Amino acid sequence: MQIEKELYLAAGCFWGAEHYLKQIDGVTFTEVGFANGNTENPTYKEVYTDTTGYAETVHLRYDPLRVSLPFLLEMYFKSIDPTSLNQQGEDRGTRYRTGIYYTDSDDLPFIQLALRQEATHYGLPLQVEVEPLRNFYRAEDYHQDYLVANPTGYCHLPVALFQSARDARDTATLQKAEKYTRVIKQLQSLLDGEADAIACMANVAALLHETFGFWWTGFYRVVGEELLLGPFQGPIACMHIPFGKGVCGTSWKENRTLMVPDVEEFPGHIACSAASRSEIVVPMKKGGDVVSVLDIDSKDLATFTQVDAYYLGLLVDLLP
Ligand code: SME
């Protein structure tokens, strides 16, 4: 199955920004345009007056099984001066501001964490705007792939940066995808013909825990009005979690996978262990109802991204 995510990045002049971002492995589509401004159908000329509120922006789509959002953001930061307000290189004006505009609110905690981490490299506050995408208009055709059509055209970015984009590989994501593929194959034969849910959960927890070296890997089962601890690997954990509480109870309530890149920023997170710093919870459904959740914790920040959500989603479907 092909899954795709998208993001809008303002990084100064969009000619260079697109040329840089499109060369990163896993980026599947780019186009340039104007984002989060105040007029209808802006033209380049209008945006150039710097009165429309628009930022020159690259709309990109990517394959999250090849490149994660945190990796893309790391690459983005390499191409901007995040402490500079309304100026990148010699280009000045609000249209050259830096900004991260998202269309999936689940991306926001990842963006906020990346900004907090990036800020630690500077003694200055960051000027990167973070907002939901309000609007986006594709720029005129001659701005698309401008540096491909005009290889000697103006660019505020150093040429070496383009080589670093071509060389970049999100090896953590690529390796994870490979490991998950193997684990799923292994589970298909391991679980084949076994009808006991607890036995299957026990081996799934063990296999995932061993393969990936997670901090805590296990299941909570829906029993009456709460989640009750099931088979797991790792340190002792809370035994009861009410509906809607913590990451697990929220995943159950919302009937969807939750990725928490920094548990301290998740309101109501239940800290079974102070060492846990990021988490993913995947609901397991039978006939549309959640019957249990798979909960995995890591001692590192932002361990779990779409690649985990995707494969763990396939994996829980193998359980009886
Ligand atoms: N942190 C979870 C509770 C379970 S433990 O992490 C094992 C939560 O907030 O739901």
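The values are calculated or read from the model by the stated rules, or taken from the named source; none is laboratory data. A quick note: this is a predicted structure, and the numbers were derived from the prediction, not measured. Cβ coordinates were reconstructed from backbone atoms using ideal geometry, including for glycine residues, and neighbour counts include every protein chain displayed.
Of a type in the set (A, V, I, L, M, F, W, C) and either closer than 16 Å to residue 233 by Cβ or under 19 Å from the mean Cα position of the chain (by Cα) (or both): does that describe residue 271?
Here the answer is no, as residue 271 does not meet what is asked.
Checking residue 128 against (1) in contact with a strand residue (DSSP E or B) (Cβ under 6 Å, 6 or more places away or on another chain); (2) surrounded by fewer than 17 Cβ atoms within 10 Å (Cβ to Cβ); (3) under 21 Å from residue 67 (Cβ atoms), which test does it fail?
Going through (1) in contact with a strand residue (DSSP E or B) (Cβ under 6 Å, 6 or more places away or on another chain); (2) surrounded by fewer than 17 Cβ atoms within 10 Å (Cβ to Cβ); (3) under 21 Å from residue 67 (Cβ atoms) one by one, residue 128 breaks only (2).
When only residues in the range 256-267 that are in a loop (DSSP other than H, G, I, E, B) and in contact with a strand residue (DSSP E or B) (Cβ under 6 Å, 6 or more places away or on another chain) count, which is farthest from residue 302 (Cα to Cα)?
Looking at residues that are in a loop (DSSP other than H, G, I, E, B) and in contact with a strand residue (DSSP E or B) (Cβ under 6 Å, 6 or more places away or on another chain), I get 257.
Between a first residue in the range 114-128 that is assigned by TED's automatic domain parsing to the domain that holds residue 82 and a second residue that is among the acidic types (Asp, Glu), which pairs have beta carbons less than 7 Å apart while being 6 or more apart in sequence or on different chains?
Close Cβ pairs (under 7 Å, with a partner that is among the acidic types (Asp, Glu)) amount to 126/118.
So in the range 148-193, with the set limited to residues that are loosely packed, with under 13 Cβ neighbours inside 10 Å and among the aliphatic types (A, V, I, L, M), which one is farthest from residue 20 (Cα to Cα)?
That would be 149.
The rows are residues; the columns are (1) out of contact with any strand residue (DSSP E or B) (no Cβ under 8 Å at 6 or more places or on another chain); (2) surrounded by 18 or more Cβ atoms within 10 Å (Cβ to Cβ); (3) part of a strand (DSSP E or B).
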site: 218; (1), (2), (3): no, yes, yes
site: 248; (1), (2), (3): no, yes, no
site: 269; (1), (2), (3): no, yes, no
site: 273; (1), (2), (3): no, no, no
site: 295; (1), (2), (3): no, yes, yes
site: 313; (1), (2), (3): no, no, no
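Here are some conditions: (1) under 17 Å from residue 311 (Cα atoms); (2) in contact with a Ser or Thr (Cβ under 7 Å, 6 or more places away or on another chain); (3) not β-branched (Val, Ile, Thr). Residue 221 meets all but one. Which one does it not meet?
(1)
Of the residues in the range 1-56, how many are closer than 15 Å to residue 91 by Cβ and assigned to a loop (DSSP other than H, G, I, E, B)?
Within the range 1-56, residues that are closer than 15 Å to residue 91 by Cβ and assigned to a loop (DSSP other than H, G, I, E, B) number 5.
Is it true that some residue in the range 246-266 is more than 8 Å from the ligand (Cβ to nearest atom), of a type in the set (Lys, Arg) and touching an Asp or Glu at 6+ places or on another chain (Cβ under 7 Å)?
no
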